[in-house]
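Scroll down for the structure; my scribbles are underneath it.
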Amino acid sequence: MGYELNNTKELLIEASNSILFTTMRPSIVIESGEGMYLWDTEGKNYLDFVGGWAVNALGHCPNVIKEALINQGNTLINASPSFYNKPMIEFAKLLTDNSCFNKVFFTNSGSEANEGAIKLARKYGAKFLNGAYEIITITNSFHGRTLATMSASGKKVWEKLYEPKVPGFKHVPLNDIECIKACITSSTCAIMLEPIQGEGGVYEVNKNYMRILSDICKERGILMIFDEVQTGLGRTGKLFAYEHYDIEPDIMTLAKGIGGGYPLSALLTKEALNIFEPGDQGGTYSSQPLGMAVGIAVVSEIINKDLSYNAKMQGNYIIKKLIEIKDKYKLKNIRGKGLLLAFDLPQDNGKEIVDKCLDEGLILNSPKPSTIRLMPPLIVTEEDTDKMVDILSKVLDTIL
């Protein structure tokens with residue numbers, strides 16, 4: 001058809017011509033991946049400690065996903081959301097059997113799952129709380145890129161973007177129980193938070209704060225929504241991050257790792273919140289069989305191989321290795337759980353360090369100018385971490 005581009009230079013020129021600009025991308029084109037590694041069109045490999053933004057839970061191109069796509073593709077790809085399909089029912093059972101929830105709604109992205117959670121909370125407020133519609137969220141939080149989820153997010157740089165925002169959201173500082181108490185009114189229907197803020201720089205909700213907050217929600221009849229888009233499915237060392245707190249949220253959202261790279265997300269809730277009426281919620285690709293088959297394959301692999309435990313142990317090893325070099329490079333505040341980790345730099349040169357690491361074949365992330373974040377696939381090994389620390393140290397020697 002004349003669309004074949006023969007080299008990296010041609011590909012990058014065509015990208016500039018035809019791809020809508022939304023973000024700065026490095027001048028490489030990724031062509032293939034396997035396990036912990038990606039390869040570009042020049043044949044260079046990269047050790048991936050970002051994992052597609054905590055998406056590639058099983059690494060790149062795992063056999064279980066390839067087999068699920070082929071097998072389901074030979075049977076049924078799409079029937080429409082008007083019908084039940086077999087993998088839809090099986091996947092819902094897998095998630096409810098392994099969590100505290102009874103009901104699941106499937107969609108395609110974390111934003112859509114969180115949008116659904118917002119709708120469900122407002123439906124609850126309209127039905128049971130005299131029309132309450134306000135949702136309290138946390139400063140520095142990230143809940144997605146739809147207009148409503150951007151309004152829910154506590155990102156400072158988004159405050160004036162796409163005004164007017166969707167009304168009905170209040171933002172309060174993390175772990176400040178008195179502030180959140182003061183913000184609860186008769187108009188409050190829910191509190192929505194990430195157990196660990198991922199995009200915000202890896203900051204945990206305090207366990208005592210979470211316990212008090214859970215009690216307040218129960219006393220006031222307010223819903224507690226856990227955005228586990230980034231923390232769910234083994235990432236923090238348990239299958240779900242809510243398990244660290246010995247509480248049960250009313251609603252939980254999942255995405256990223258749930259599909260291992262396939263666009264997939266889920267909204268989970270209790271039977272008591274099974275209150276949507278026909279027409280209230282939906283989506284053309286909701287519960288699409290191909291996605292359901294991938295989800296079953298990925299979540300089954302995480303459970304059967306206990307990759308939650310591997311995340312816990314490998315996370316501890318990464319922290320140990322970072323502690324060994326922290327004094328030399330003046331690294332601060334090494335933090336996180338499992339394989340959602342971060343540390344602070346002595347200067348605001350995170351981007352420079354990430355760019356230089358990429359040149360050296362290592363993919364890292366800098367969510368803030370002075371912060372480096374690590375979220376490798378759940379299959380990471382000690383050998384991978386040793387290599388990561390070697391490359392990082394080489395770069396820090398050069399820059400710091």
**OP:** Quickly run through the range 125-139 and pick out the residues that are more than 16 Å from Asn114 (Cα to Cα) and not small (Gly, Ala, Ser).
**Re:** Lys127, Phe128, Leu129, Asn130, Thr139
Original post:
surrounded by 16 or more Cβ atoms within 10 Å (Cβ to Cβ) and farther than 15 Å from Gly361 by Cβ: does that describe Gly52?
Top reply: yes
Original post:
Can you tell me how many residues in the range 175-228 are more than 26 Å from the chain's Cα centre (by Cα), outside any helix (DSSP H, G or I) and among the aliphatic types (A, V, I, L, M)?
Top reply: 1
**OP:** Determine which member of the set Pro195, Pro167 is in contact with an Asp or Glu (Cβ under 9 Å, 6 or more places away or on another chain) and under 19 Å from Arg335 (Cα atoms).
**Re:** Pro195
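One line per residue, one yes/no per condition, for (1) in a loop (DSSP other than H, G, I, E, B); (2) among the basic types (Lys, Arg):
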position: Leu120; (1), (2): no, no
position: Lys123; (1), (2): no, yes
position: Asn130; (1), (2): yes, no
position: Ile135; (1), (2): no, no
position: Arg145; (1), (2): yes, yes
position: Ala148; (1), (2): no, no
position: Val157; (1), (2): no, no
Original post:
Looking at the range 242-262, which of the residues that are under 12 Å from the mean Cα position of the chain (by Cα) and at negative phi is surrounded by the fewest Cβ atoms within 10 Å (Cβ to Cβ)?
Top reply: Gly259
Original post:
Quick one: which of Phe83, Phe91 is at pLDDT 95 or above, part of a loop (DSSP other than H, G, I, E, B) and more than 30 Å from Met388 (Cα to Cα)?
Top reply: Phe83
**OP:** Go through the range 141-168 residue by residue and tally those that are on the phi > 0 side of the Ramachandran plot and surrounded by 20 or more Cβ atoms within 10 Å (Cβ to Cβ).
**Re:** 1
Original post:
Do you know which residues across the range 273-287 are touching an Asp or Glu at 6+ places or on another chain (Cβ under 8 Å) and either aliphatic (A, V, I, L, M) or more than 23 Å from Lys86 (Cβ to Cβ) (or both)?
Top reply: Leu273
**OP:** Could you check how many residues of the range 24-35 are touching a residue at least 60 places away in the same chain (Cβ under 8 Å) and farther than 20 Å from Lys356 by Cβ?
**Re:** 1
**OP:** For Phe128, work out the one condition from (1) of a type outside the set (D, E, K, R); (2) within 18 Å of Lys270 (Cβ to Cβ); (3) without any contact (Cβ under 8 Å) to a residue 60 or more places away in the chain it doesn't fulfil.
**Re:** (3)
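The values are calculated or read from the model by the stated rules, or taken from the named source; none is laboratory data. What you are looking at is a predicted structure, and each value in this text was computed from that prediction instead of being measured. Here the Cβ is made from the backbone with ideal geometry for all residues, glycine too, and neighbour counts use every protein chain on show.
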